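One structure is given below, encoded as structure tokens.
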Amino acid sequence: MMLSSVLLVVLQLCSLQLIVVSRPTCRLQGDLVKSAHDLLKDLGGAFPARCLPYNANILFPRSALSFNVANHMQCDQVLSVVNESLWEAGKIFEDPEGPFPATWDEQKVARFQGLQDRIVEGASCLSGSSDVLTPYFSNVTEILKQQESAACGWKALRRDLVRFLKFTLQTHHTCFIWRSAKRL
Ligand SMILES: *[C@@H]1O[C@H](CO)[C@@H](O)[C@H](O)[C@H]1NC(C)=O
Ligand SMILES: *[C@@H]1O[C@H](CO)[C@@H](O)[C@H](O)[C@H]1NC(C)=O
């Protein structure tokens with residue numbers, strides 16, 4: 001009896017500490033990020049086989065897709081990479097080297113840009129910025145600059161953002177604020 005109540009107190013203290021340690025200081029709205037993901041996904045189209053050779057120059061960092069609770073990636077760090085991905089993608093959409101693929105629905109792209117702005121604004125509460133994706137985005141930009149590879153660059157960017165946002169929303173669901181019980 002004694003022992004079990006001591007254990008209970010210890011357990012409670014432990015879980016209290018876990019809550020304090022893991023509580024993020026800033027959260028992004030999951031619903032907005034999910035909608036941004038859905039819009040990109042809806043732009044459609046499988047990654048074309050003719051674009052496969054460009055994969056060697058468009059390597060989305062594994063570290064951004066493998067962080068998990070086990071390696072103590074805190075929500076702030078996760079959200080910083082989300083901010084970075086949408087910020088950099090926003091720059092590309094805003095001021096592109098060339099037009100995005102003609103098959104993409106302009107209205108969806110415009111709605112994505114609107115959401116991207118809101119998400120990045122909401123991220124202003126984050127404490128540190130991330131540069132995990134800098135080499136990735138500079139390579140994507142190079143590929144977009146060249147007329148023969150531009151279409152592949154857009155498709156790779158869309159594919160990688162969809163994959164990254166989906167992974168992050170699933171794996172780090174609790175780093176986001178959710179208005180509804182929506183899940184991927
Ligand atoms: C960028 O492209 C170079 C080749 O031009 C490649 O070696 C490097 O791995 C690429 N990096 C990323 C992050 O895609
Ligand atoms: C969001 O990302 C951009 C690009 O990496 C960075 O300049 C900016 O500081 C980031 N915002 C926050 C609040 O970390």
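A short reminder: the numbers here are calculations on the coordinates, not readings from a lab. None of these values were measured; they are calculated from a predicted model. Cβ coordinates were reconstructed from backbone atoms using ideal geometry, including for glycine residues, and neighbour counts include every protein chain displayed.
Mind checking the alpha-carbon convex hull of segment 63-170 and giving the volume per residue in Å³?
In segment 63-170, the Cα convex hull volume per residue is 100 Å³.
Could you work out the relative contact order of segment 29-132, using alpha carbon pairs under 8 angstrom and six or more residues apart, expressed as a whole percent?
On the way: 60 pairs, mean separation 53.4, N = 104.
Worked out over segment 29-132, it gives 51 percent.
Compute log10 of I(q)/I(0) for segment 69-118 with the Debye formula, placing one identical point scatterer on every Cα and leaving out solvent, at q = 0.20, 0.21, 0.25 Å⁻¹, to two decimals.
The computed values of log10 I(q)/I(0) come out as -0.73, -0.77, -0.95.
In terms of modelled amide H atoms, which long-range or inter-chain residues lie less than 5 Å from the amide H of residue 29?
177
What nm distance separates the two modelled labels at residue 52 and residue 129, each placed 7 Å from Cα along Cα→Cβ?
In this crude spin-label approximation the distance works out to 3.8 nm.
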